[in-house]
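The structure appears below as structure tokens.
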There are 2 protein chains.
Amino acid sequence: MEDDAQIIDRNPLPEGIGERLAAQLTFIAEADRLKTILRASPLAAADRRENDAEHSWHLALMVLLLSEYADESFDVGHAIKLVVVHDLVEIYAGDSPVFDPAAVVDQRAREEAAADRLFALLPEDQAREIRELWDEFESGATPESRFGRAMDRLEPMLLNWLAEGGTWQMPGATVETVRAREAGVVAASTSLGAVTDAFITEGLRHGWIRPAPGREPGD
Amino acid sequence: MEDDAQIIDRNPLPEGIGERLAAQLTFIAEADRLKTILRASPLAAADRRENDAEHSWHLALMVLLLSEYADESFDVGHAIKLVVVHDLVEIYAGDSPVFDPAAVVDQRAREEAAADRLFALLPEDQAREIRELWDEFESGATPESRFGRAMDRLEPMLLNWLAEGGTWQMPGATVETVRAREAGVVAASTSLGAVTDAFITEGLRHGWIRPAPGREPGD
């Protein structure tokens with residue numbers, strides 16, 4: 001962000017809309033920025049990187065379709081809410097590619113500051129509600145957040161598989177760092193963990209994932 | 001679609017994934033195409049058109065934040081599911097801009113055919129479940145679908161407002177056809193209907209919306 005201007009400043013809302021609803025519409029307009037935050041992951045359907053808004057939508061669809069594989073029962077509607085809001089803070093904090101050590105070093109602090117600024121656009125009760133959803137997602141402390149986080153790991157693995165590399169080819173990625181990501185899937189679902197395991201084993205065999213430093217493929 | 005190839009054909013799933021889960025992952029990979037289906041609406045945050053996946057995400061966020069304005073109580077989690085799946089058929093049927101008379105003439109038939117083809121990728125029970133969600137959204141027969149449809153009308157109006165025109169400038173758009181779209185918002189929420197009314201009244205006054213044929217602004 002180069003300045004503090006909000007999207008709504010471009011063309012302020014018509015007169016006569018109450019303060020609460022105007023705040024909500026201001027936030028909804030500002031949220032349009034999530035469509036411009038690029039992730040490192042390549043789309044399967046086009047030759048470009050994925051943005052946070054379409055990624056969040058894809059996770060929501062995956063929660064809906066894959067819930068049966070969760071090791072613990074959970075509330076699908078609530079888990080979808082978590083994934084819908086989980087990347088909002090990146091509007092101001094930017095994406096932090098997981099295989100980029102420089103990006104993740106101050107990630108938490110940047111995202112906390114972004115949350116404070118972004119959610120403050122909302123009426124106080126809703127700022128608190130959205131903040132609680134984000135905190136819950138980040139915590140991984142509930143079955144819903146564990147399943148949402150598993151989708152947030154599985155989706156880029158599927159995109160990498162379809163790209164025969166994708167972010168697995170980033171400098172910081174080796175089979176060890178990729179396996180560390182897989183743990184988030186295993187934590188929520190044994191069956192889906194087996195899928196990520198197959199992606200990684202086969203990806204390593206094909207050379208789409210680099211072996212651990214100092215090792216040769218097949219060691 | 002130029003041929004019947006699916007995204008998953010590019011790099012078939014590893015061996016050993018059961019038939020049901022493989023079908024679900026095939027569908028999830030194919031759904032990546034929704035990120036490439038462009039709508040007529042301009043983004044507020046970037047100089048390009050919106051795609052269906054990020055649009056669907058934006059509706060989900062709006063359902064979450066604006067549910068308090070619904071005239072009837074409804075299940076927020078269920079309404080979010082409806083908006084997450086509501087545009088999936090456009091993967092094969094394409095977008096049908098509402099102000100383009102040629103696009104909407106055979107829209108229903110094209111979308112039915114697309115639904116038959118797309119949902120058939122899923123296991124039968126889930127194909128039925130997703131089809132039911134889509135049918136419910138299309139029907140507008142439940143409070144959840146009425147609110148989801150209202151967001152599907154309100155979001156592009158907000159984008160048009162921020163663009164000082166947007167799709168209101170398309171050849172087929174006049175204040176009459178724009179007002180016809182507004183009815184979908186009014187049907188679910190008096191308060192949000194008042195917002196769309198303000199957008200249209202002010203948009204007409206500024207010349208961002210054309211007056212009805214044969215009339216001058218202010219008539």
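Using +1 at the C-beta of Lys and Arg and -1 at the C-beta of Asp and Glu, which of A:Ile200, A:Phe27, A:Leu38 has the Cα lying farthest in the positive direction of the dipole of chain A?
Positive-end residue among those listed: A:Ile200.
Got the B:Asp135 label distances to the other copies yet, label 7 Å along Cα→Cβ, in nm, shortest first?
Inter-copy label distances (nm, one decimal, shortest first): 4.3.
Taking the Cα centre of chain B as origin, work out the dipole magnitude from +1 charges on Lys and Arg Cβ and -1 charges on Asp and Glu Cβ, in debye rounded to 20.
Numbers: 21 positive and 41 negative charges, 122 e Å.
Dipole of chain B, to the nearest 20 debye: 580 debye.
Once the Cα atoms of the stretch B:97-219 are picked out, what are the Rg and Dmax in Å?
Values for the stretch B:97-219 (Cα only, Rg and Dmax): 17.0, 56 Å.
Specify which residue in the list A:Leu82, B:His86, B:Ala103 is farthest towards the positive end of the charge dipole of the protein assembly as shown, using unit charges on the beta carbon of Lys, Arg (+1) and Asp, Glu (-1), about the Cα centre.
B:Ala103
Give the chain A residue with the shortest beta-carbon distance to the rotation axis relating chain A to chain B, plus that distance as a whole number of Å.
Minimum Cβ distance to the axis, with residue: A:Gly77, 1.
Among the trypsin sites (Lys or Arg not before Pro) in the stretch B:37-89, which ones are in a DSSP loop with at most 16 other Cβ atoms within 10 Å of the Cβ? Mind listing them? Working shown, then result.
On the way: sites: B:Arg39, B:Arg48, B:Arg49, B:Lys81; in loops: B:Arg48.
Hits after loop and neighbour filter: B:Arg48.
Which FRET efficiency value, to the nearest 0.05, do you get for A:Glu132 and B:Arg205 by plugging their Cβ-Cβ distance into 1/(1 + (r/R0)^6) with R0 = 60 Å?
Values: r = 41 Å, r/R0 = 0.68.
E between A:Glu132 and B:Arg205, to the nearest 0.05, is 0.90.
What are the distances, in nm and sorted shortest first, from the label point of A:Glu15 to the label points of the same position in each other copy, with each label point placed 7 Å from Cα along the Cα-to-Cβ direction?
7.4
Which loop-located GluC sites (Glu not before Pro) does the stretch B:19-105 contain, where loop means any DSSP state but H, G, I, E or B and the Cβ has at most 12 other Cβ atoms within 10 Å?
Working: sites: B:Glu19, B:Glu30, B:Glu50, B:Glu54, B:Glu68, B:Glu72, B:Glu90; in loops: B:Glu72.
Counting only loop positions with at most 12 other Cβ atoms within 10 Å, the GluC sites (Glu not before Pro) in the stretch B:19-105 are B:Glu72.
Which angle from 0 to 90°, rounded to the nearest 10, does the C-alpha axis of helix B:76-85 make with the longest principal axis of chain B?
With rounding to tens, the tilt is 80 degrees.
Ignoring ligands, DNA and RNA, please state the percent of accessible area on the stretch B:8-74 from carbon and sulfur, probe 1.4 Å.
Values: 1050 of 2300 Å².
So the carbon and sulfur contribution to the accessible surface is 46 percent.
Spelling out what I want: for every residue of the stretch B:41-51, take phi, set θ = phi - 60°, compute 6.51 cos²θ - 1.76 cosθ + 1.60 (Karplus), and round to whole Hz; glycine and proline get x.
5, x, 5, 7, 9, 7, 8, 7, 7, 7, 9
Give the Rg/Rh ratio for the protein assembly as shown, taking Rg as the radius of gyration of the Cα atoms and Rh as the Kirkwood radius, to two decimals. The partial results should precede the final answer.
Values: Rg = 21.9 Å, Rh = 22.5 Å.
Ratio of gyration radius to Kirkwood radius for the protein assembly as shown: 0.97.
Specify the angular offset, from 0 to 90 degrees and rounded to the nearest 10, of the alpha carbon long axis of helix B:190-206 from the longest principal axis of the alpha carbons in chain B.
That works out to roughly 60 degrees.
Placing a label point 7 Å from Cα toward Cβ, how far apart in nm is B:Gly207 from its equivalents in the other copies, listed shortest first to one decimal?
Its label point is 6.2 nm from the equivalent points in the other copies.
About its Cα centre, what dipole magnitude does the protein assembly as shown give when the only charges are +1 on Lys and Arg Cβ and -1 on Asp and Glu Cβ, stated in debye to the nearest 20?
Approximately 560 debye in magnitude.
Taking every alpha carbon pair in the stretch A:153-196, what does the distance histogram look like in 5 angstrom bins from 0, in percent?
6, 24, 31, 26, 11, 2
Tell me which residues come under 5 Å, amide H to amide H, from A:Arg39 once H is placed; ignore anything under 5 positions away on its chain.
Sorted by chain and number, the residues that satisfy this are A:Glu50, A:Asn51, A:Asp52.
Please report, in debye to the nearest 20, how large the charge dipole of the stretch A:89-219 is about its Cα centre when each Lys and Arg carries +1 at its beta carbon and each Asp and Glu carries -1 there. All intermediate terms of the calculation are to be shown ahead of the outcome.
Values: 13 positive and 24 negative charges, 92 e Å.
That gives a dipole near 440 debye.
Tell me, what is the per residue accessible area of the protein assembly as shown in Å², probe radius 1.4 Å?
On the way: 17440 Å² over 438 residues.
Heavy-atom SASA per residue in the protein assembly as shown reads 40 Å².
For peptide A:11-19, how many partner chain Cβ atoms fall within 10 Å of a residue's Cβ, on average? Walk me through the numbers before you get to the answer.
Numbers: counts 8, 1, 7, 11, 2, 5, 5, 3, 0.
Averaged over the peptide's residues, the number is 5.
Can you list residues whose amide H is under 5 Å from B:Asp75's amide H, if they're 5+ apart or on another chain and H is modeled 1.01 Å from N?
Answer set, sorted by chain and number: B:Glu144.
The values are calculated or read from the model by the stated rules, or taken from the named source; none is laboratory data. Keep in mind that this is a model prediction, so the values were computed, not measured. Cβ: placed from backbone, ideal geometry, glycine included. Neighbour counts: every protein chain shown. Areas reflect the complete protein model, heavy atoms only, side chains present, ligands, DNA and RNA absent. Shrake-Rupley method; radii C 1.70, N 1.55, O 1.52, S 1.80 Å.
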